[in-house]
Amino acid sequence: MGGVVSDRMGKRFGIRGRLWGLWVVQTVAGLLSVLLGRIGSLGGSVVVMCIFSIFVQASSGLTFGVVPFVSKRSLGVISGMTGSGGTLGAVVTQMLLFSGDKFSTQTSISLMGLMMILCTLPVSLIYFPRSGGMFCGPYSFYEDSADQDYRLLV
């Protein structure tokens with residue numbers, strides 16, 4: 001689902017659309033996590049958990065929709081680092097928030113949501129000289145250059 005959203009946003013708005021889509025979906029997932037930690041009923045928790053799950057999976061697809069723009073030559077390495085980074089983040093979150101008796105489960109889930117939101121903020125700093133970023137377009141030198149010219153510069 002996230003890959004489809006990324007492709008549609010990319011087709012319509014370029015890399016700017018892909019980055020905005022990633023930022024919005026991950027931020028909503030973080031907000032849903034905060035909400036999940038605050039809900040007191042089982043039924044409400046199940047509904048929010050299902051919606052949260054959809055947004056988490058979509059954010060993964062959106063993340064991998066941006067990966068090919070990092071480096072076409074090193075696509076496998078970048079994909080591997082991206083996937084392992086997600087796993088590392090899960091392990092760190094588990095150790096910080098869910099091991100021991102420091103926080104209740106509800107508080108830990110809400111804090112995890114806040115961590116998701118904070119870790120999503122740097123997406124706004126991503127900038128590709130050939131494609132642009134969330135807030136600005138491509139570097140003017142690259143606008144008219146062919147792909148082979150770009151490969152020669154890198």
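If exposed means no more than 11 neighbouring beta carbons inside 10 Å and the site is in a DSSP loop, what's the longest run of the chain without any exposed trypsin sites (Lys or Arg not before Pro)? Can you show the working numbers first?
Details: sites that count: R73, K102.
Value returned for the longest uninterrupted segment is 1-72.
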* Asked: How many nm separate the modelled label positions at T105 and T82, each set 7 Å beyond the Cα in the direction of the Cβ?
  -> 3.3 nm
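Could you calculate the FRET efficiency of I39 with R73 from 1/(1 + (r/R0)^6), where r is the beta carbon distance between them and R0 is 41 Å, rounded to 0.05? Can you show the working numbers first?
Details: r = 46 Å, r/R0 = 1.13.
So, using R0 = 41 Å, E works out to roughly 0.35.
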* With springs only between Cα atoms under 10 Å apart, run a GNM on the chain and tell me which of M115, M134, M95 wobbles the most. => M95
* Structure fact -> So the angle from the long Cα axis of helix 75-93 to the longest Cα principal axis of the chain, reported in degrees to the nearest 10, equals 20 degrees
* Pairing the Cα long axis of helix 42-66 with the longest principal axis of the chain, what angle in degrees results, from 0 to 90 and rounded to the nearest 10? -> 20 degrees
* Structure fact -> Expected unfolding gain across L96-Q57 under the 0.36 nm per residue rule, minus the alpha-carbon gap, is 11.8 nm
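Starting with the fewest neighbours, write out L114, L35 ranked by other beta-carbon atoms found within 10 Å of each beta-carbon. Before the final figure, lay out each step's value.
Numbers: L114 14, L35 17.
Ranked by crowding around the Cβ, least crowded first: L114, L35.
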* Candidates S99, S60, S124: whichever shows maximal mean-square fluctuation once the chain is modelled as a Gaussian network with Cα springs under 10 Å -> S99
* Where does helix 2-13 land angle-wise versus the long Cα axis of the chain, in degrees 0 to 90, nearest 10? -> 40 degrees
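Coordinate-derived values only; no laboratory data. On a predicted model such as this, the values are computed, not experimentally measured, just so you know. Heads up, the Cβs are rebuilt from the backbone with ideal geometry, glycines too, and the neighbour counts pull from every protein chain shown.
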